[in-house]
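Notes follow the structure.
The values are calculated or read from the model by the stated rules, or taken from the named source; none is laboratory data. Remember, it's a predicted structure, so these values are computed and weren't measured experimentally. Cβ atoms come from the backbone with ideal geometry, glycine included; neighbour counts cover every protein chain shown.
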Amino acid sequence: MNLLPCFDQIISQRGWYTRPLGWCLALCLSVCLSACSWVVTGYNNAPQLLMMAWIDPHLDLNAAQSRQTKADLTQLLAWHRQNQLPLYADWLVRMQQYAPQQVEPEQLCQWLDEMRDSLSPLALQIEFPLTALAQSLQPAQLETLKSRYAKDNKAWRKDWQLDGNEKDQLDAQTEKGQANAERLYGTISKQQRVQLRAHAQSSGFDGERTYAQRLRQQADSVQTLQSIAQGQHGSAQARQLVHAWLQRSLHTPDEAYAAYLKNRQRLNCAAAAQFHNSTTPAQRAHAVNVLKSYEADVRELMGTTR
């Protein structure tokens, strides 16, 4: 399941950057894993899963750090369940209403903006525990982080075929778009596959530029954590540094890159709307059913029904 959002992800080749310690999107992603029943179990066990899958492999926490981080994540999960899952349910209801109809690019872009805005309150909740963790980090842990970043980047380049030729890169982008389209609409036609490839080709995606931004965000994270870990800042100043870092992660200060992202969003919304409007009644009915299943998962996590 992907809520950023289902329609736009058919076309978008954005690729995730390195959000600070993975926390800004981690809880969101834990509820956006799939339409399978285990998504509920995954969400409810998010603190442990995040520790095993991301935080500990990247920082090699000691016992005391692990205990505190799990406690912080558990508290964050409770906040997220109460404050953000209702937003997801609302978006999914709206998507179900629009799925049988023709859609406009502006509608998709509006959903994207709303979803992106929902990350700011989450970032505020992360500031205090992230500051405390940063203050406890040791030099060897920061070296582990840098080493893991290098490993992640190698895998990211391979996943997007950045070291291949143009055809290899386009194939990778098209395959991702097709997988997302089939997840939402079910089986797609040969003509629609051709359409997805054309959309991918004109999406404005620049893999090397995206990769360079990824490296900048990673360097920013290491520099910020290192500055705080050295103990030269009081708690208030350290939290200000974390706040600024989180904001840079959510809103790039690079004006040229921000313009690139804005243009890509415009192109992707237009392409996603065009693809949706080409789907058959059966495919749209499939999309409604998929969205309903996502909503049911979210409402189960919320402990409510509709």
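So, restricting to helices (runs of 4 or more DSSP H) that lie completely within the stretch 202-306, which ones have at least 1 residues that are out of contact with any Cys (no Cβ under 7 Å at 6 or more places or on another chain) and within 30 Å of residue 44 (Cα to Cα)?
Values: elements: 207-229, 235-250, 255-277, 281-302.
By residue number, 207-229, 235-250, 281-302.
Does residue 206 satisfy being closer than 26 Å to residue 262 by Cβ and either in contact with a Ser or Thr (Cβ under 7 Å, 6 or more places away or on another chain) or modelled with pLDDT of 95 or more (or both)? Answer is yes for this residue.
Quick check: is even one residue across the stretch 219-240 among the charged types (D, E, K, R), exposed (fewer than 15 other Cβ atoms within 10 Å of the Cβ) and out of contact with any His (no Cβ under 9 Å at 6 or more places or on another chain)? Before the answer, list the steps.
First pass over the stretch 219-240, keeping only residues among the charged types (D, E, K, R): 220, 239.
Right, trim to exposed (fewer than 15 other Cβ atoms within 10 Å of the Cβ) and you get none.
The answer is no, given that none of the residues of the stretch 219-240 is among the charged types (D, E, K, R), exposed (fewer than 15 other Cβ atoms within 10 Å of the Cβ) and out of contact with any His (no Cβ under 9 Å at 6 or more places or on another chain).
Determine if the stretch 170-178 includes at least one residue that is buried (at least 16 other Cβ atoms within 10 Å of the Cβ) and outside any helix (DSSP H, G or I). Checking the stretch 170-178: not a single residue is buried (at least 16 other Cβ atoms within 10 Å of the Cβ) and outside any helix (DSSP H, G or I). Say whether the condition of being modelled with pLDDT of 90 or more, farther than 29 Å from residue 40 by Cα and β-branched (Val, Ile, Thr) is met by at least one residue in the stretch 83-96. Taking every residue of the stretch 83-96 in turn, none turns out to be modelled with pLDDT of 90 or more, farther than 29 Å from residue 40 by Cα and β-branched (Val, Ile, Thr). In this structure, does residue 136 turn out to be of a type in the set (Ser, Thr, Tyr), over 22 Å from the mean Cα position of the chain (by Cα) and under 25 Å from residue 64 (Cβ atoms)? Against the criterion (of a type in the set (Ser, Thr, Tyr), over 22 Å from the mean Cα position of the chain (by Cα) and under 25 Å from residue 64 (Cβ atoms)), residue 136 qualifies.
Residues of the stretch 280-306 that are of a type outside the set (A, V, I, L, M), more than 19 Å from residue 85 (Cα to Cα) and buried (at least 16 other Cβ atoms within 10 Å of the Cβ): 283, 284, 286.
With the condition kept exactly as written, say whether any residue in the stretch 160-180 is hydroxyl-bearing (Ser, Thr, Tyr), out of contact with any Leu (no Cβ under 7 Å at 6 or more places or on another chain) and either at pLDDT below 95 or over 28 Å from residue 124 (Cα atoms) (or both). Outline the logic, then answer.
Taking the stretch 160-180 first, the residues hydroxyl-bearing (Ser, Thr, Tyr) are 174.
Of the ones still in play, those that are also out of contact with any Leu (no Cβ under 7 Å at 6 or more places or on another chain) are none.
Looking for residues that are hydroxyl-bearing (Ser, Thr, Tyr), out of contact with any Leu (no Cβ under 7 Å at 6 or more places or on another chain) and either at pLDDT below 95 or over 28 Å from residue 124 (Cα atoms) (or both), one finds none in the stretch 160-180, hence no.
If we scan the stretch 96-116, do we find a residue that is of a type in the set (Ser, Thr, Tyr) and not in a helix (DSSP H, G or I)? Checked the stretch 96-116: no residue is of a type in the set (Ser, Thr, Tyr) and not in a helix (DSSP H, G or I). Go through (1) within 22 Å of the chain's Cα centre (by Cα); (2) within 30 Å of residue 278 (Cβ to Cβ); (3) of a type outside the set (Ser, Thr, Tyr); (4) surrounded by 13 or more Cβ atoms within 10 Å (Cβ to Cβ) one by one and return the number of the condition residue 159 breaks. So the condition that residue 159 fails would be (4).
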